[in-house]
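The values are calculated or read from the model by the stated rules, or taken from the named source; none is laboratory data. All of these numbers come straight from a predicted model, not from anything done at the bench. Positions of Cβ are backbone-derived with ideal geometry, glycine not excepted, and every protein chain shown enters the neighbour counts. Surface areas here come from the heavy atoms of the whole protein model, side chains and all, with no ligands, DNA or RNA. Shrake-Rupley method; radii C 1.70, N 1.55, O 1.52, S 1.80 Å.
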Amino acid sequence: QSAARPAGLGKRLVARLVDTVVLGAVTAGAAVPLGTKAADHLNEKIDAAKLSGRTETVWLLDGTTAVYLGIVLAVLLLFGVLYEALPTAKWGRTLGKKLCGLQVRGIESHEPPGFGGALRRWLVYSVPGLLGIGIVGVAWCLFDRPWRQCWHDKAAHTFVAG
């Protein structure tokens, strides 16, 4: 019966913060060294432009820095699938949700979503987040009734049970 009740918003927030810290730490492990390399690359280009004595445009995104950015995004996406989508599909929870006693359940089945649903749920959460509009989709649960669904829950036909 408790699996049929939507989780409280406070527990959901704490669970999301835990999951964000874990995902952010792993992504930062790739981003920091590559970011340092990108900064060094750009500084070399700026120094070369200054020494040439001509006015030159130095692009922040070029062949080198685009590869670094691509690697960081690939780490984020790959680890996101491994950390968010797979555990949600298998157990209905991530580490953060487990620590908070929450589970992702299908609206109709009240079972964990399959891999397709879990992947869709994570992509609808993460892509708008990367684009800077994810807060709207997450805040949606403040007004949604009766399941308190965010956009990513609606896309996957799930809710978070507590």
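Between 143, 115, 79, the Gaussian network model of the chain with springs among Cα atoms under 10 angstrom shows the greatest mean-square fluctuation at 143. When the residues 84, 44, 108, 56 are ordered by accessible surface, computed with a 1.4 Å probe over the protein chains alone, the sequence from largest down reads 108, 44, 56, 84. Averaged over its residues, segment 92-162 has an accessible area of 51 Å² per residue, based on protein heavy atoms and a 1.4 Å probe. A straight chain from residue 130 to residue 157 at 0.36 nm per residue would run longer than the Cα-Cα distance by 7.5 nm. Distance between the 7 Å Cα→Cβ label points at residue 81 and residue 62: 3.2 nm. Relative contact order of the chain: 30 percent, from C-alpha pairs under 8 Å at least 6 residues apart in sequence.
For segment 1-125, the fraction of 1.4 Å probe accessible surface lying on carbon and sulfur atoms is 67 percent.
With every protein chain in place, what's the accessible area of residue 107 (1.4 Å probe, Å², nearest 10)? That residue has around 40 Å² of solvent-accessible surface.
Using a cutoff of 8 angstrom between alpha carbon atoms and counting only pairs six or more residues apart, the relative contact order for segment 91-147 works out to 18 percent.
In the list [x] 34, 20, 18; [y] 23, 16, 15; [z] 41, 15, 13, the label attached to semi-axes √(5λ) of the Cα gyration tensor in Å as derived from the coordinates here is [z].
Each Lys or Arg adds one and each Asp or Glu subtracts one; over the other residues with Cβ under 13 Å from the Cβ of residue 152, this totals +2. Our estimate of slack between residue 9 and residue 49, defined as 0.36 nm per intervening residue step minus the Cα-Cα distance, is 9.1 nm. Note on surface exposure: 94, 55, 20 rank 55, 20, 94 by accessible area, highest first, 1.4 Å probe. Mind running the shape call on segment 109-162? Use the C-alpha gyration tensor, a ≥ b ≥ c as the square roots of the eigenvalues: rounded below 1.5 for a/c, prolate if a/b tops b/c, oblate otherwise. Oblate is the answer for segment 109-162, as a/c is 1.5 or above yet b/c matches or exceeds a/b.
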